[in-house]
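Student: Below are the structure tokens for one structure; questions will follow.
Here, each number is a calculation from the coordinates, and none is a lab measurement. Predicted model only: the values in this text are computed from it and were never measured. Counting neighbours? That spans all protein chains shown, and the Cβs are built from the backbone with ideal geometry, glycine included.
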Amino acid sequence: MRVYIDSDVLIWHLRGKKKAKDFIRALRENNEFELWIGAMQRAEVVFFMRKDEEEKTLLFLSLFKTAPVDQVTVDRAGEMYREWNPSHGIDTNDAILAATAMQAGGKIFCLNTRHYPMPDLPVERAW
């Protein structure tokens, strides 16, 4: 099964949080999971890394396949954003990751499950 890791989990791992490191390690050791990140989650990490973090960050991100964003994904994400932003405050990155995971039949791991209120989307708190 494809599992998509939200940027909050990635960032905590890069900051050295033990729970995040243990969580990613457990996922990597579980042969049932294919580790993925969305293009927008990768962008959130890459855009804000410092020069001295570049090598370590890119090495870490190489553990994941990055899902591309295409027209179908954006259009579906737009529908979800318009539906869920007023009541739940989801942002564009959350909507795009949700659309990506739903198209692939994947599951999202994050720290704030309220960002993904879509009833047909498997989402689980990372720790």
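Student: If you scan region 98-120, which residues turn out to be in a loop (DSSP other than H, G, I, E, B), of a type outside the set (A, V, I, L, M) and touching a residue at least 60 places away in the same chain (Cβ under 8 Å)?
Tutor: 105, 106, 112 - these are the residues of region 98-120 that are in a loop (DSSP other than H, G, I, E, B), of a type outside the set (A, V, I, L, M) and touching a residue at least 60 places away in the same chain (Cβ under 8 Å).
Student: Related question: Quick check: anything in region 32-54 farther than 14 Å from residue 6 by Cβ, in contact with a Lys or Arg (Cβ under 9 Å, 6 or more places away or on another chain), aromatic (Phe, Trp, Tyr) and assigned to a loop (DSSP other than H, G, I, E, B)?
Tutor: Within region 32-54, one or more residues are farther than 14 Å from residue 6 by Cβ, in contact with a Lys or Arg (Cβ under 9 Å, 6 or more places away or on another chain), aromatic (Phe, Trp, Tyr) and assigned to a loop (DSSP other than H, G, I, E, B).
Student: Of the residues 39, 77, 95, only one is touching a residue at least 24 places away in the same chain (Cβ under 8 Å) and either more than 17 Å from the chain's Cα centre (by Cα) or surrounded by 12 or more Cβ atoms within 10 Å (Cβ to Cβ) (or both); which?
Tutor: 39
Student: To continue, here is another question. Could you say whether any residue in region 18-28 is surrounded by 17 or more Cβ atoms within 10 Å (Cβ to Cβ), among the small types (Gly, Ala, Ser), out of contact with any Gly (no Cβ under 8 Å at 6 or more places or on another chain) and in contact (Cβ under 8 Å) with a residue 24 or more places away in the chain?
Tutor: Among the residues of region 18-28, at least one is surrounded by 17 or more Cβ atoms within 10 Å (Cβ to Cβ), among the small types (Gly, Ala, Ser), out of contact with any Gly (no Cβ under 8 Å at 6 or more places or on another chain) and in contact (Cβ under 8 Å) with a residue 24 or more places away in the chain, which makes the answer yes.
Student: Consider region 98-125. How many of its residues are under 20 Å from residue 27 (Cα atoms) and either of a type outside the set (A, V, I, L, M, F, W, C) or under 11 Å from the mean Cα position of the chain (by Cα) (or both)?
Tutor: Going through region 98-125 one residue at a time, the tally reaches 16.
Student: Same structure again: Can you name every residue in region 1-31 that is within 17 Å of residue 103 (Cα to Cα) and either in contact with an Asp or Glu (Cβ under 6 Å, 6 or more places away or on another chain) or outside any strand (DSSP E or B) (or both)?
Tutor: Listed by number, the residues that qualify are 1, 2, 6.
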